[in-house]
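Okay, structure first, notes after.
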Amino acid sequence: MHTWRRLWLGGLVGLILTVPLLCILYAGYRRAGLPFIPFNLFDWGTRILPGAVITAGIDTMVRVIHALHLGGTSATAKLAEQSMAIAGFLVTGIILGALFFLLARGRFTIDAGLIVGGLLGLAALLVNRSVSPAGETLPVWRVPWLISLFLAWGAALGWAYRRLIDHDAELPANLGGRSEVERAGRRRFLMRLGGAAAAISFVGALLGRRVSRPGSASRIREGAWSATNPLPNAGAAVKPAPGTRPELTPVSQHYRIDINTVPPTIQQDSWRLKISGLVDKPVEFTLDDLRHREPMEQFITLSCISNTVGGDLIGTTRWTGTSLKHFLPELGLQQDATHLKIRSADGFYEVVALDQVRSDERVMLAYAWDGLPLTTEHGFPLRIYIPDRYGMKQPKWIESIEATDHWEPGYWVTRGWDREAQMKATSVIDTVASNMMVGEPNPQMRVPIGGIAHAGVRGISKVEVRVDGGPWQPAELRTPLSGQTWVIWRYDWPLQRGKHTFAVRCFDGNGAAQIEQDAPPHPSGASGINTRTAMF
Ligand SMILES: Nc1nc2c(c(=O)[nH]1)N[C@H]1C(S)=C(S)[C@@H](COP(=O)(O)O)O[C@H]1N2
Ligand SMILES: [Mo]
C-alpha cells in the first residue's frame with residue numbers, strides 16, 4: 001500500500017480512537033479527579049518550552065483577546081489554553097496513528113499496539129507527575145487508570161491496522177475486482193469503528209457533564225467578610241463616579257493568572273508547610289498551626305506584570321494571614337541563611353530575601369481572601385504576599401520553604417522577566433459618566449469621570465485629568481482601603497458639546513510621576529497614558 005494511503009488511514013484511525021480516549025479521560029477527571037492528560041501535557045509544554053516562546057504566546061493571546069473584545073482576559077485566556085490543549089491532544093493522536101500505520105508491518109500489530117499504548121501510558125503518568133505532584137484525589141487509581149486506557153488505545157490501533165492494511169498484504173496483487181470489494185470492506189470497518197468510538201465518546205461526555213468534583217471547603221463562598229462588614233473607608237467624602245469598578249473586587253471576579261490549565265487541588269488534611277535547608281532541623285506546619293497564630297488583615301491590590309495599561313489583570317481584596325517576620329523565629333534559621341526559596345505544588349517557585357522579610361512585617365503567608373479560605377484558583381491553602389511586587393513574585397499553593405544562603409532567579413525571572421518586578425504607577429479611566437446627564441446641557445452641568453490609580457505600596461499623592469490636550473487638572477482622591485490598594489479618583493468635568501478625549505496620569509506617594517512613555521508588559525510591566533474618547 002502506498003505511503004500516503006497508510007498515513008491518511010492511520011491519521012483517520014488515530015483521530016477516531018483519540019476522541020473517545022479524550023472523553024473517557026474527561027469523565028474520570030470530572031467524576032473522580034483523575035488526571036486529564038491533555039491539560040497536563042499542555043502545562044508540561046509551557047514549563048519546558050523556552051521563556052521567550054511562552055512570553056510571545058501569552059502576549060499574542062492577550063492582544064487577540066483585547067482586539068476581539070473577547071471579555072475578561074484571564075478567563076478567556078484559560079479557555080483558549082484549554083482549547084489548545086485539547087486540539088493538541090487530538091493532533092498528537094492523529095500523528096501517532098499515522099506513524100504507526102506507516103511503520104507497522106506483519107502479523108503482530110496488536111502486540112505492537114499494546115507496546116505503544118503501554119509506553120504512552122507511562123509517558124502520561126510521568127507528565128502527570130511532573131506537573132501536578134500534589135494531592136489530586138485518589139492517586140492510587142492513577143496508574144491502573146492511565147495504563148489501561150492507553151493500552152486499550154494502542155491495542156485498538158494495532159487491531160485497526162490489521163483489519164485495514166495488513167490482511168491485504170497477504171492477497172495476490174491485482175486480482176480482478178478484488179480491490180473494489182476490499183475498499184468497500186475497509187469503509188464498512190471504518191464506519192463501524194467510528195460508530196463505536198462515537199458511542200463511547202458520547203457516554204464519556206455525558207458522564208463528565210456538569211458534575212462538580214468532590215468539593216473542598218474552600219469553594220463555598222458564603223460567609224465572605226465583605227457580605228457583613230462595611231469597608232473601612234465607607235464614610236469617605238469623595239464618592240466614586242458612577243460606573244467606576246467596585247473598590248473591593250469580588251473574589252469570583254478577581255483575575256486569575258498561573259501556569260496551570262487546571263489549578264492544583266490540595267487536600268488540607270495531608271498538606272504540610274515544609275521548612276528545610278539552612279535550619280536547625282526540618283519542621284512542618286499544618287494549616288491550623290498557621291491559622292492559630294496572630295492573624296494579620298491587609299487590603300491589597302494585586303496586579304499581574306502582564307497587565308496592559310487599563311487592562312483587567314488587577315484586583316483588590318482583603319487578605320488574611322500570618323506575618324512572615326514574626327513567624328521566622330519558629331523556623332530555626334541558621335546564621336548563614338539569607339534567602340527563602342518558596343516552592344509551589346505546580347512547580348512554580350520564587351526567592352525572597354530575608355532582609356526584606358525582616359524589614360517589612362507586611363510580608364505575609366496568606367490563607368484567606370475576603371474572610372474565607374483561599375479558593376483553589378487563588379492558591380488554596382497558602383500563598384505569600386510581598387508588598388510592591390507584581391504577582392509573578394508571589395507564589396500560590398505554597399508547599400515548602402527552603403532557607404538558603406544565596407539569591408536565585410524565580411520561575412518567571414528565569415524566563416526573561418524583571419528580577420525585581422516592582423509595580424509601576426498606573427492610572428485608569430473607568431468611566432465617563434455621560435449617561436448621568438439629564439435635560440439640555442447647561443453651563444453648570446458636570447460629567448463625572450473616574451477610575452483608579454495605583455503605585456504598589458507607595459501610595460498615590462495626585463491624579464490629574466487632561467481634556468483634548470489642554471492643561472492637566474487635579475482630580476479628587478477618595479481615601480483608599482489601605483496604603484496598599486488602588487485609589488479611586490474622580491473629576492467632575494464642566495460639560496462641553498462635541499467629541500472629547502480624556503487622559504489621566506498619577507503621581508506616587510513620593511511625588512514621582514507615572515511613566516508616560518508607552519511600554520508593553522514584557523519585561524518590566526506596562527506603562528503609558530490611559531485615554532478615553534466620548535461624544536456629548
Ligand atoms: N504557584 C504559582 N503561583 C503563582 C503563579 C503560578 O503560576 N503558580 N502565578 C503568579 C502570577 S504571574 C500572578 S499575576 C499571581 C496571580 O494571582 P491570582 O491568580 O490569585 O490573581 O499569582 C502568582 N503566583
Ligand atoms: Mo502575573
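The values are calculated or read from the model by the stated rules, or taken from the named source; none is laboratory data. Here the structure is a predicted model, which is why all the values come from computation and not from measurement. So basically every Cβ, Gly included, is an ideal-geometry build from the backbone, and we count neighbours across all protein chains shown. Please note that ligands, DNA and RNA were not included when accessible areas were found on the heavy atoms of the full protein model with its side chains. Shrake-Rupley method; radii C 1.70, N 1.55, O 1.52, S 1.80 Å.
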Could you rank Arg362, Arg183 by how accessible they are, 1.4 Å probe, largest area first? Arg183, Arg362
Note down the accessible area of Trp141, probe 1.4 Å, to the nearest 10 Å². 140 Å²
Measuring from the longest principal axis of the C-alpha atoms of the chain, the long axis of helix 51-67 (C-alpha) lies at a number of degrees, nearest 10, equal to 70 degrees
Place a point 7 Å from Cα of Ala196 in the direction of its Cβ. Which residues in the range 1-41 have their backbone N less than 19 Å from it? 9-25
Hits in the range 514-536: amide N under 14 Å from the 7 Å Cα→Cβ extension of Lys499, namely 532-536
Label model pair Thr531, Arg183: point-to-point distance (7 angstrom along the Cα→beta-carbon line) in nm is 6.4 nm
Testing the spin-label approximation: label points 7 Å from Cα along Cα→Cβ at Asp492 and Asp405. State their distance in nm. 6.4 nm
Can you give the longest stretch of the chain with no exposed loop site, where a site means GluC sites (Glu not before Pro) in a DSSP loop (not H, G, I, E or B) with at most 16 other C-beta atoms within 10 Å? 1-169
With every protein chain kept in the model, how would you rank Val91, Val13, Val140 by accessible area, 1.4 Å probe, largest at the top? Val140, Val91, Val13
Quick one: dipole size for the range 238-326, taken about the Cα centre, charges +1 on Lys/Arg Cβ and -1 on Asp/Glu Cβ, in debye to the nearest 20. 160 debye
Within the range 1-153: Cβ-based charge dipole about Cα centre, in debye rounded to nearest 20 (Lys, Arg +1; Asp, Glu -1): 300 debye
Accessible area expressed per residue, the chain, with surrounding protein chains retained (probe 1.4 Å, Å²): 46 Å²
Checking rank on 193-202, 381-390, with mean other Cβ inside 10 Å and highest first, the result is 381-390, 193-202
Which listed residue (His522, Trp44, Gln268) has the Cα farthest towards the positive end of the charge dipole for the chain, taking +1 on Lys and Arg C-beta and -1 on Asp and Glu C-beta about the Cα centre? Trp44
Under 5 Å from the placed amide H of Thr485, counting only residues 5+ away or on other chains, we find Thr301
HN-Hα J couplings of the range 29-42 from phi, Karplus 6.51/-1.76/1.60, θ = phi - 60°, integer Hz, Gly and Pro as x? 5, 6, 7, 10, x, 6, x, 9, 4, x, 5, 4, 4, 4
Linear extension gain, Val238 paired with Ala87, 0.36 nm per residue minus alpha-carbon span: 49.3 nm
Mean residue ellipticity (222 nm) of the chain, computed from DSSP H runs ≥ 4 via -39,500 (n - 2.57), nearest 500: -11500 deg cm²/dmol
Greater than 31 Å apart at Cα, pairs in Lys239/Lys341; Lys281/Lys393; Lys78/Lys499: Lys239/Lys341; Lys78/Lys499
Computed ³J(HN,Hα) along the range 243-250: with the Karplus parameters 6.51/-1.76/1.60, θ = phi - 60°, integer Hz and x for glycine or proline, the list is x, 5, 4, x, 5, 10, 6, x
At 0.36 nm per residue, minus the direct Cα-Cα distance, what do Asn510 and Arg63 gain on full extension? Give it in nm, one decimal, please. 157.6 nm
How tilted is helix 139-161 with respect to the longest principal axis of the chain? Cα atoms for both, answer in degrees (0 to 90, nearest 10). 50 degrees
May I ask you to derive the FRET efficiency for Ser130 and Ser226 from their Cβ-Cβ distance with R0 = 41 Å, giving the value to the nearest 0.05? 0.60
List the residues whose amide H sits under 5 Å from the amide H of Leu372, counting only those 5 or more places along or on another chain, with H placed 1.01 Å from N in the peptide plane. Trp225
Any residue on another chain or 5+ positions along whose placed amide H is under 5 Å from the amide H of Leu278 is listed here as Ala403, Thr404
For a label point 7 Å from the Cα of Gln335 along Cα→C-beta, name the residues of the range 274-294 whose backbone N is under 18 Å from it. 278-281
Explain nothing, just compute: Karplus ³J(HN,Hα) = 6.51 cos²θ - 1.76 cosθ + 1.60, θ = phi - 60°, for every residue of the range 259-264 in order, whole Hz, x for Gly and Pro. 8, 10, 5, 10, x, x
State the percentage of accessible surface on the chain attributable to carbon and sulfur atoms; use a 1.4 Å probe and exclude ligands, DNA and RNA. 59 percent
